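The values are calculated or read from the model by the stated rules, or taken from the named source; none is laboratory data. Because the structure is predicted, anything quoted here is derived from the model rather than measured. Here the Cβ positions follow ideal geometry from the backbone for every residue, glycine too, while neighbour counts run over all protein chains shown. These area figures cover heavy atoms from the full protein model, side chains too; ligands, DNA and RNA do not enter into them. Shrake-Rupley method; radii C 1.70, N 1.55, O 1.52, S 1.80 Å.
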Amino acid sequence: MLKIKNLQANIEDKEILKGINLEINPGEVHAIMGPNGSGKSTLSSVIAGKEEYTMTGGEIMFEGEDLSELDPEERAHKGIFLSFQYPIEIPGVSVTNFMKASINAHRKAQGLEDMPAKDMLKMIRDKSELLEIDRKFLSRSLNQGFSGGEKKRNEIFQMAMLNPKLAILDETDSGLDIDALKVVANGVNKLRSEDNAVLLITHYQRLLDYIVPDFVHVMVDGKIVKSGTKELAYELEERGYDWVKQEKSV
Amino acid sequence: MVQPRNLIVVGENSQVQIIERHQSLTDHPVFTNSVTEVFAEKRAIVDYYKIQNDRDSASLIDNTFVEQKEESYCFLHTFSFGGKLTRNNLNFYQKGERSESTLKGITIIEGKQHVDHNTLVHHTSPNCESHQDYKGIFADNSVGVFNGRVMVDKEAQKINAFQSNNNILMDDKATINSKPQLEIFADDVKCSHGCTIGQLDEESLFYLRSRGIPLKEARALLMYAFANNVMESVKIPEIKKRITHQIALKLGVNLGYDL
């Protein structure tokens, strides 16, 4: 599904990604862990197509297609979804209207008519129940005045609405208390299928208790230095990142 | 050339809603020089809407004077979406305690259009409030002016006066001249003024685009959101619907207004 080969990327001439290799197949859950500043969030932004970053080498292929020349909205239409670490507040646009614009933009890209209002409302109702979101919440301005937990829940709600092929969850667990974490993880698990894949980016092993990954990668200084199964996450939790760094320099 | 003159006296405890619109029917050049006086007596409520969406050949100079007595409330919304040159001279005189004035405006213009907002709120009595909130979106070579003055006399203690003017410039050649101004002679008041001029936020654009909303629509949606919070204080649902629709149309954004 997603094949990343020797990916290098800069922001304002500062090299952040220094040759990433990663392959994700349908049905798989991958987790990327690593210390602050190792480039985890940069990787997710580059996959989603943020223009601040310049790709300086390597390639990103999604279902056999080169992503590097595509706009963020085109990548979204292909089925890539990024759950933001810090969701943006947009005063004046309600969650419902935002979702409507988003869904209909996806449909337009597929050559479909706008979704009838009735179907839209039903879908919004179903998906908001899945994430235990209050109806009142949907008429509020997007992310404005939302608590940390509400923002993250809202991200996963959007994911449920758009049903992406590849969901990248950038530190979705940060700022969540344990109850909110369970709701969010439960939402993600219900959305998993044979055909879609999840890329989790996290600092902590905690999230991985609820969303169990097939593979765990450790990223240090712009490179994936170690890959393994979920046991690797426990080892990291216990021993910190230093031993990976040392192992690498030996 | 047209020179309308309106005198509106709103008696004690009475309420009025007024919608004012100038529309030329042909493309001949038209110049309108309009004068309106409003007297709001004790506890009167005035809800006034000015819709300025005339043809490119029409110019309008509007002079509106509002005098407010005790505990009167006056709301004035100005929607400027068209016309060659539009100048709004709004003058509010608060002459009674606990009166409140609200002046709001949305300006969305393009081409060579020019819209000028010149406001004055003169507080002469204590315990009063005034709110000003003007938003502008300027494309192409259009020019906007906001010159807002708040005067607080020495006797007018315990005043709350707020003034804000936010603008988005869409093109390099679009201009906004903004001059919020406070003249305060009392020593126990709460007054603030602020003005911002900017482009659309890149982070917000990326957020919308990452959800599949194309750049053009994402920009339109953000502008719509920016302008639309002025609409919250519009009390006539039909006006609200109509203006919201006009804003959406002008910005090329397709939204469900009733959801």
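Couple of notes before you dig in:
- Per residue value of the accessible surface for the range B:125-259 (all protein chains in place, 1.4 Å probe), Å²: 46 Å²
- Note on surface exposure: B:Met231, B:Met151 rank B:Met151, B:Met231 by accessible area, highest first, 1.4 Å probe.
- Selection from A:Met159, A:Ile133, A:Asn104, by position along the positive dipole direction of the range A:2-249 (Cβ): A:Ile133
- Test item: A:83-91 mean partner chain Cβ contacts at 10 Å: 4
- One Cα centroid belongs to the range B:147-187, the other to the range B:125-142; the line between them spans 8 Å.
- Average other protein chain Cβ within 10 Å of Cβ, residues A:93-105: 5
- Largest mean-square fluctuation among B:Phe146, B:Phe226, B:Phe81, in a Gaussian network model of chain B whose springs join Cα atoms under 10 Å apart, belongs to B:Phe226.
- Shown in residue order for the range A:97-114 are the 3J(HN,Hα) couplings computed by the Karplus curve 6.51 cos²θ - 1.76 cosθ + 1.60 at θ = phi - 60°: 5, 5, 5, 4, 4, 5, 4, 5, 5, 4, 5, 4, 5, 8, x, 9, 6, 4 Hz (x for Gly and Pro).
- Other residues lying with their Cβ under 14 Å from the Cβ of A:Ala101 contribute a combined charge of +4, Lys and Arg counting +1, Asp and Glu -1.
- Sorting the segments A:205-215, B:193-203 by their residues' average number of neighbouring beta-carbon atoms within 10 angstrom, most packed first, yields A:205-215, B:193-203.
- Legend: translational diffusion of chain B by Stokes-Einstein, Rh = Kirkwood radius over C-alpha pairs, 37 °C, 0.692 mPa s; D = 172 µm²/s.
- Dimensionless Rg/Rh of the protein assembly as shown - Kirkwood Rh, Rg from C-alpha atoms: 1.08
- 3J(HN,Hα) along the range A:75-80, derived from phi through the Karplus expression 6.51 cos²θ - 1.76 cosθ + 1.60 where θ = phi - 60°, amounts to 5, 4, 5, 6, x, 9 Hz, with x in place of Gly and Pro.
- Summing Lys and Arg as +1 and Asp and Glu as -1 over all other residues whose Cβ lies under 12 Å from the Cβ of B:Glu129 gives a net charge of 0.
- Relative contact order %, the range B:202-259, counting alpha carbon pairs below 8 Å whose residues are six or more apart: 32 percent
- Counting, for every residue in A:67-75, the Cβ atoms of other protein chains within 10 Å of its Cβ and taking the mean gives 4.
- Taking the Cα centre of the range B:5-199 as reference, the dipole from Cβ charges on Lys and Arg (+1) and Asp and Glu (-1) amounts to some 160 debye.
- Using the Karplus relation 6.51 cos²θ - 1.76 cosθ + 1.60 with θ = phi - 60°, the per-residue 3J(HN,Hα) values for the range B:24-35 come to 8, 9, 10, 8, 5, x, 10, 10, 10, 10, 10, 10 Hz, with x marking Gly and Pro.
- Per-residue packing, averaged as other Cβ atoms within 10 Å, sorts the ranges B:159-167, B:2-10 into the order B:159-167, B:2-10, beginning with the highest.
- Fraction of accessible area attributable to carbon and sulfur, the range B:1-120 (%, probe 1.4 Å): 50 percent
- Between helix A:230-239 and chain A: long-axis angle, C-alpha atoms, 0 to 90°, nearest 10: 60 degrees
- Computed magnitude of the charge dipole of chain A (debye, nearest 20; Cβ of K, R +1, Cβ of D, E -1): 560 debye
- In this structure B:Arg219 has an accessible area near 90 Å², from a 1.4 Å probe over the protein heavy atoms.
- Helix A:117-130 vs. chain A, principal-axis angle (Cα, 0 to 90°, nearest 10): 50 degrees
- Each of B:Ala220, A:Gly228, A:Pro116 was placed along the dipole of the protein assembly as shown (beta-carbon charges, centred on the mean Cα), and the one lying farthest toward the positive end is A:Pro116.
- Association of chains A and B removes close to 2300 square angstrom of accessible area from solvent, both sides included, for a probe radius of 1.4 Å.
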